[in-house]
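Trainee: Once you've had a glance at the structure underneath, I'll fire off some questions.
The values are calculated or read from the model by the stated rules, or taken from the named source; none is laboratory data. Predicted model, so just to flag it, every value in this text is computed and none were measured. Heavy atoms of the whole protein, side chains included, go into the accessibility calculation; ligands, DNA and RNA do not. Shrake-Rupley method; radii C 1.70, N 1.55, O 1.52, S 1.80 Å.
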Amino acid sequence: MAPRMTDEQWEAQNGRLSPGEATARGLCWCCSGNGFLFSAFGGKQIKTRCPERCDHGKAKR
């Protein structure tokens, strides 16, 4: 079994693109193309669908 990610590693999956960079690449501005948002609170790691309801990370048309 793979070791558990730290909360910082888990949240780093969100990507580092600014909203402008993501849009210029044709990706969703909210999730930077992941389709999901990653957060951690109190040691609990949470993965939620992008609230923008993008097309699997691509910008809505």
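Trainee: Answer with a single label: of [x] 24, 11, 9; [y] 28, 19, 6; [z] 36, 21, 11, which was calculated as semi-axes √(5λ) of the Cα gyration tensor in Å from the structure in view?
Mentor: Working out semi-axes √(5λ) of the Cα gyration tensor in Å from the coordinates points to [x].
Trainee: Could you provide, to the nearest whole Å², the per residue accessible area of the chain with probe 1.4 Å? Could the numbers behind the result be given before it?
Mentor: Details: 4730 Å² over 61 residues.
Computed with neighbouring chains in place, this is 78 Å² per residue.
Trainee: Round to a whole number: what % of the accessible area of the chain belongs to carbon and sulfur, probe 1.4 Å?
Mentor: Details: 2540 of 4730 Å².
Answer for the chain: carbon and sulfur cover 54 percent of the accessible area.
Trainee: Let me ask another. Given H placed 1.01 Å from N in the peptide plane, which residues other than close sequence neighbours of residue 35 have an amide H under 5 Å from its amide H?
Mentor: 57
Trainee: Spelling out what I want: for every residue of segment 33-45, take phi, set θ = phi - 60°, compute 6.51 cos²θ - 1.76 cosθ + 1.60 (Karplus), and round to whole Hz; glycine and proline get x.
Mentor: After applying 6.51 cos²θ - 1.76 cosθ + 1.60, I find x, 7, x, 9, 10, 10, 9, 9, 8, x, x, 8, 9 Hz.
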